[in-house]
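In what follows, a single structure is set out as structure tokens and then discussed.
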Amino acid sequence: MSFEREKIYITTPIYYVNDRPHIGHAYTTIIADSAARYFRLRGFDTFFLTGTDEHGQKIEEAARKRGKSPKEYADEISAQFKALWDEFGITYDKFIRTTDPDHIRGVQRAFEIMYEKGDIYKGVYEGHYCISCEAFFPQNQLIDKEFCPDCGKPTSIVKEESYFFRLSAYEKPLLRLYEEREDFILPRSKRNEVVRFVESGLQDLSITRTSFDWGIKLPPSINDPKHVIYVWLDALLNYITALGFGGDGRLMDYWPANYHLVGKDILRFHAVYWPAFLMSLELPLPRHIATHGWWTRNGEKMSKSKGNVVDPREVARAYGLDNFRYFLLREVPFGQDGDFSQRALIDRINSDLGNDLGNLLNRIIGMSGKYFDHRIESHKVPHYYGQELQELQQILAPLDDHIRQMRWHKFLDELWQALTLANRSIDRYAPWKLVKEGREEEAMALIALVANILARVALYLAPVMPEKAGQIAKALGITIDPATFQRLIDEGELLEPFTIQPIPPLFPKIDKPLLQEKGKEATEPSQDETIDIDHFLKTQIKVGTIVEAHEIPKSKRLLRLLVDLGEERPRQIVAGIKEHYEPQELVGEQVCVVANLKPAKLMGIVSEGMILAAQDGQRLSLVAPKEMVANGTRVR
Ligand code: ME8
């Protein structure tokens, strides 16, 4: 497969501003960033877009709950996304916000074109709407006639005047698209799901709302001020408004996009609605919708209400950004779900990075210093190790295609075969023996072979691990740039005579998890998320009487309590209330206790529950029933 033009355009989804960035957002963005870096390194003129999706009912409600205007709230969260990407060195060329005036103008222009063409008409929408997914569903698609088939949350019934897009008219052209372009959806295994969805029949799509205000108004030429444009039409158009569509069109020669990177949750919007909108606008279609799977935690979807969200900033700070990037791309086959654990991350760092790569570099730094004063020449490599060079060629040949098809895990896996080849060659030919036997030339060629392999690995690895690859390159006296890539990889040149520079170990061994697993305080649902009754009932809150209260030596905050919960023996509970209560005033008081918390040790003392208290700024007040009740009474 080859791109017949020199321009590459890569996008991430624009993220909703109702949620702080988490590992899922980081995953998509890091894949897109790695792709953009790769194409730049191959000399393509590359444009990489990311940004935030700021309109719609979900954001309006989230802002209202926090007592903020939607714009104020969007400003705040959008800045958090941008700050994280900047901290991560994400090489985006533009960060778009759907509240940008240029975007608003572009969306109105697109609406106008589709309207004038006859693809938009006015009617009444009656049906269900999931605010969380910002999606309409006919009743027959709902679970138990009420719940969203995508996220499981309750939907609301909507009946309102609406403009519709003639999606049904695009059913056949869409099916033709999937038929003709087998790699339109990557990985290809995801294609069937989309085909089935379209084959089951497309209904026209409601594309305006009247029951709230936070969105883009219809174009002035249509003059219908009650309506705002449906957030998904608004959002998808970002991919072209960012290039100047509906305005100066300055960057439109990057269109069509080569890759829209998306999570599987939003594949339908990108593989069905988006090409239909583009067909209506008579614009070329993107080349690939590249769809990845979900990151889960212990098998569960991450969500704020479960408190199992992984903060990408914390992980990157603790384990190193490049290591984190490598892990994300290597651990899970693109398109499949993966479970995040520190254990798996540590294994990748110690084994793939530390053993296979870091030690290899150290070995040749050591040997080149010991035997050749760090000065190495490559010209005898083909003579002694022609077979290995050939093998290297075979390993490297498919890598470009793996990247173009977004098979990152496979790309890294196969790149690692080059490291296996290098490590194996050292073990097999044992340069220390060669030197002992007076075969210095062969020994030098062997070190040069390994250095040449490492140089190629560094070049290929640079898009994924820019900093570490840069350090390897520096040790070998090369730079990571398109010219070097071309020289060493495309033209197969060997390194010029060079000096191997000693550098500190790249991947120090990690013995134990560096981040504490989140405590239960992190499980608070956000204000815009609800839990169901079963979820609540899992928490057993019981009333008990404090029978003893003791200070804990050296602790300013903690008291050790014995609480009678009507069980065989009182429970020992460690509570952070010493600054608010004297031990003796607590004895005999009833309190509410979370009785089924996993026991935890605080200052070396096991705590078998948690006492409930209300905190009002500096003040703290224990929670108790209004009248005395039997110990062990459940609170519901
Ligand atoms: O859907 N695992 O925004 P969003 C992997 N605004 N990826 C995940 C993930 C997880 N657990 N959670 C989120 C929207 N993602 C719309 C997009 S585009 C025109 C509009 C990633 O904030 C994944 O890329 O809900 C997913 O598609 C995206 O975040 C959803 O982000």
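The values are calculated or read from the model by the stated rules, or taken from the named source; none is laboratory data. Keep in mind the model is a prediction, meaning the values are calculated, not measured. All Cβ positions, glycine included, derive from the backbone under ideal geometry; neighbour counts span all protein chains shown. Side chains are part of the model used for accessible areas, which takes the heavy atoms of the whole protein and leaves out ligands, DNA and RNA. Shrake-Rupley method; radii C 1.70, N 1.55, O 1.52, S 1.80 Å.
Bin by bin, in steps of 10 Å, what percent of the Cα pairs in the range 7-84 do you find, going until the bin that has the longest distance?
19, 41, 26, 12, 3
Skipping prolines and chain starts, which residues have an amide H placed within reach, meaning under 5 Å, of the one on G338, given they are 5 or more residues away or on another chain?
Answer set, sorted by chain and number: W294, W295, T296.
Using the Kirkwood formula on the Cα atoms of the range 337-499, what hydrodynamic radius do you get, in angstrom to one decimal? Walk me through the numbers on the way to the answer.
Working: mean 1/r = 0.0613 Å⁻¹.
Value: 16.3 Å, from the Cα pair sum.
Could you calculate the contour length gain from K538 to A344, that is, 0.36 nm times the residue separation minus the distance between their Cα atoms, to one decimal place in nm? Before the final figure, lay out each step's value.
Numbers: separation 194, 0.36 × 194 = 69.84 nm, distance 2.96 nm.
My answer for the length gained is 66.9 nm.
Run the quick spin-label model on I552 and M252: label points 7 Å from Cα toward the beta carbon, then report their separation in nm to one decimal.
6.7
Please compute the length gained on full extension between I531 and S200, using 0.36 nm multiplied by the number of residues separating them and subtracting their Cα-Cα distance.
On the way: separation 331, 0.36 × 331 = 119.16 nm, distance 3.29 nm.
Gain on extension, I531 to S200, equals 115.9 nm.
If I model a spin label at L597 and F212 as a point 7 Å from the Cα along the Cα→Cβ vector, what separation in nanometres do I get?
Distance between label points: 3.5 nm.
Taking only DSSP H segments of four or more residues, each worth -39500 (n - 2.57), what value at 222 nm results for the chain once the sum is divided by all its residues, to the nearest 500 deg cm²/dmol? Intermediate values should be presented prior to the final figure.
Details: 22 runs with 234 residues, N = 636.
Result for the chain: -11000 deg cm²/dmol, rounded to the nearest 500.
Given a cut-off of 25 Å, name the pairs among K159/K538; K264/K538; K433/K509; K145/K301; K117/K190; K68/K217 whose C-alpha atoms lie farther apart than that in the structure shown. Let's see the in-between values first.
Details: K159/K538 37 Å; K264/K538 30 Å; K433/K509 29 Å; K145/K301 23 Å; K117/K190 32 Å; K68/K217 21 Å.
Pairs exceeding 25 Å: K159/K538; K264/K538; K433/K509; K117/K190.
Can you compute 3J(HN,Hα) from phi for each residue in the range 368-375, using the Karplus curve 6.51 cos²θ - 1.76 cosθ + 1.60 with θ = phi - 60°, rounded to whole Hz and x for Gly and Pro?
5, x, 5, 9, 9, 6, 6, 9
Over the residues of the range 278-346, compute the C-alpha Rg and express it relative to 2.2 N^0.38 Å. Walk me through the intermediate numbers first.
Values: Rg = 16.1 Å, N = 69, 2.2 N^0.38 = 11.0 Å.
Dividing the Cα Rg of the range 278-346 by 2.2 N^0.38 Å gives 1.47.
FRET efficiency for E146 and E491, Cβ-Cβ distance as r, R0 = 45 Å, nearest 0.05?
Numbers: r = 63 Å, r/R0 = 1.40.
The formula returns an efficiency of 0.10 here.
Near the amide H of V635, under 5 Å away, which other amide H atoms are found, from residues 5 or more places off or on another chain, if H is placed in the peptide plane?
Long-range HN contacts for V635: I541, K542, V543.
Compute log10 of I(q)/I(0) for the range 533-622 with the Debye formula, placing one identical point scatterer on every Cα and leaving out solvent, at q = 0.12, 0.15, 0.18 Å⁻¹, to two decimals.
Summing over Cα pairs of the range 533-622 leads to -0.35, -0.55, -0.78.
For the residue pair E182 and R424, what label-to-label distance in nm results when each label sits 7 Å from Cα along the Cα-to-beta-carbon direction?
3.1
When the Debye formula is applied to the Cα atoms of the range 63-118, each taken as the same point scatterer, what base-10 log of I(q)/I(0) results at q = 0.16, 0.18 Å⁻¹?
-0.70, -0.78
Which translational diffusion coefficient, to the nearest whole µm²/s, is obtained for the chain from the Stokes-Einstein equation, given a Kirkwood hydrodynamic radius over C-alpha pairs, 10 °C and 1.306 mPa s?
On the way: Rh = 28.4 Å.
After rounding, the answer is 56 µm²/s.
Which whole-Hz couplings ³J(HN,Hα) result when phi for each residue of the range 31-48 is put into the Karplus expression 6.51 cos²θ - 1.76 cosθ + 1.60, θ = phi - 60°, listed in order with x for Gly and Pro?
Once θ is set to phi - 60°, the couplings for the range 31-48 become 5, 4, 5, 5, 5, 4, 5, 5, 5, 4, 5, 8, x, 7, 7, 10, 10, 10 Hz.
State, to one decimal in nm², a quarter of the convex hull surface area for the C-alpha atoms of the range 7-292, i.e. the direction-averaged projected area. Before the final figure, lay out each step's value.
Details: hull surface 57.8 nm².
One quarter of the hull surface, i.e. the mean projection, equals 14.5 nm².
Return one whole number: the accessible area per residue of the chain in Å², for a 1.4 Å probe.
Details: 28590 Å² over 636 residues.
Here the residues of the chain average 45 Å² of exposed surface.
Would you mind telling me the share, in percent, of accessible area of the chain contributed by carbon and sulfur at probe 1.4 angstrom? Don't skip to the answer; put the middle values down first.
Values: 13770 of 28590 Å².
About 48 percent, which is the carbon plus sulfur part of the accessible surface.
Please give every one of the lysines within straight-line cross-link reach of K626, meaning a C-alpha to C-alpha distance under 17 Å, and leave out same-chain neighbours fewer than 8 residues apart.
Within the straight-line limit of under 17 Å, K626 reaches these lysines: K542.
Please give the length that would be gained between S69 and D337 if that part of the chain were fully extended, namely 0.36 nm times their separation in residues minus their C-alpha to C-alpha distance (nm, one decimal). Walk me through the numbers before you get to the answer.
Values: separation 268, 0.36 × 268 = 96.48 nm, distance 3.60 nm.
Extra length from S69 to D337 when fully extended: 92.9 nm.
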